[in-house]
Structures are given as C-alpha cells and as structure tokens.
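Heads up, the thing below is written out as structure tokens.
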Amino acid sequence: MFCVEWDDSLSVGVAQIDDQHKHLVYLLNKTYNACIRTDMEDELKYILNELVDYSRNHLASEEHVMERYDYPEVGLQKIEHGMFSEKIMHIHQELYETERNPAITLIEVARLLGNWLTNHIMKIDRRFGKYVAALEQAHDETHPCALSS
C-alpha cells in the first residue's frame, strides 16, 4: 500500500472543491496507514464515519458550486456522487451489522477511495475545473480592467 501526497496534479482548479478533496486524500492515507495498525477496527470505524460525513457534505457542496456555475454535466456528477455515497453507506452498514474482517473492509475502502481519486476527481471533477477556468477567462476578456499608472 502507499500514501498519496497532495500536489497541483490533483487539483481541479476550484479552491473550495480542492480543499475538500484534500480531506479525502487525508482519509485515503489514513485508510492505508490503518492497515498496519493494531487498532485497525477502531481506525476503520473512524474513517467510515468521516466518509459518511464527507459524502453527505462535500458532494452536496460540490453540486451546489456546479449549479451556481450552470455546469452542464451536473446531472452526471449527481449520479456518480449518489453511487459513491451508496457504496460508502453499504460498507459502513456492513461493518456495523456483520462480523466482517476489518482488514478486508480497509482494503475495500482503500480501493474505493483510490478509484474515486483517479477516475472521478482526476477526470470528471477536473472537467469542471476547466469549465470554470474557461468561464473566468471569457469574463476577464469581456470585462478588462484598465489600470492607470
């Protein structure tokens, strides 16, 4: 297993969303680190509780930002976010309702978060960042500020 270090290559270019994605990277790294800890189950419960909150708060916030920018792919985002949230809730529920091995659950969470980072954030969310950058550039070109010296 490995840890992910946040850098500009992970940025989607929207500060509010990037800040929330940094928290997801933090949780991904906690998941990896939990695999080698003796209190794995306690750490796993903490991570899953955080992910439930993250999926509720961040995803709704991200969708709100996208709606504010009239992003044409917000519907796709909502579908993907819903599927991610359902997976997190399913894993969370399984952990608390079954006697599932926490090591297996940690691997499942690590895989889910790693895939989310590489397939959703780095591809789908990044398209939103490019969309915002294009809007801002168009706005700057149509509303130039004349600075006098």
Practice task
Determine the relative contact order of segment 23-149: mean sequence separation of Cα pairs under 8 Å and six or more apart, normalised by residue count, in whole percent.
Solution key: 33 percent
Completion exercise
P(r) over all Cα-Cα pairs of the chain, 10 Å bins from 0 to the longest distance, whole percent per bin, short to long, reads 10, 38, 29, 14, 6, 3, 1, 0
Handout entry: Accessible area per residue in Å² at 1.4 Å probe, computed on the chain
Key = 59 Å²
Fill in the blank from the handout: Over 21 Å (Cα to Cα) among Lys45/Lys78; Lys30/Lys78; Lys22/Lys130; Lys45/Lys123; Lys22/Lys123 -> Lys45/Lys78; Lys30/Lys78; Lys45/Lys123
Problem - Charge sum, other residues only, whose C-beta stays under 13 Å from His81's C-beta, Lys/Arg counted +1 and Asp/Glu -1 - result: -4
Exercise for the section: Determine the calculated [θ] at 222 nm for the chain from helices alone, applying -39500 (n - 2.57) to every DSSP H run no shorter than 4 residues and normalising by the residue count; nearest 500 deg cm²/dmol. Expected result: -24000 deg cm²/dmol
Problem - Thr38-Ile107 FRET efficiency (beta carbon distance; Förster radius 22 Å; 0.05 resolution) - result: 0.80
Practice task
Kindly express, to the nearest 10 degrees and within the range 0 to 90, the angle between helix 102-115's C-alpha long axis and the longest C-alpha principal axis of the chain.
Solution key: 20 degrees
Fill in the blank from the handout: Going residue by residue through segment 3-19, the Karplus relation 6.51 cos²θ - 1.76 cosθ + 1.60 with θ = phi - 60° gives ³J(HN,Hα) values, rounded to whole Hz and with x marking Gly or Pro, of 10, 9, 9, 5, 8, 4, 5, 8, 6, 9, x, 10, 3, 4, 6, 4, 4
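The values are calculated or read from the model by the stated rules, or taken from the named source; none is laboratory data. Just so it is clear, the structure is predicted and the values come from calculations on it, not from any experiment. Positions of Cβ are generated from backbone atoms using ideal geometry, with glycine treated the same way; all protein chains shown enter the neighbour counts. Ligands, DNA and RNA are stripped out before the accessible areas are found, and what is left, the full protein with its side chains, is counted by its heavy atoms. Shrake-Rupley method; radii C 1.70, N 1.55, O 1.52, S 1.80 Å.
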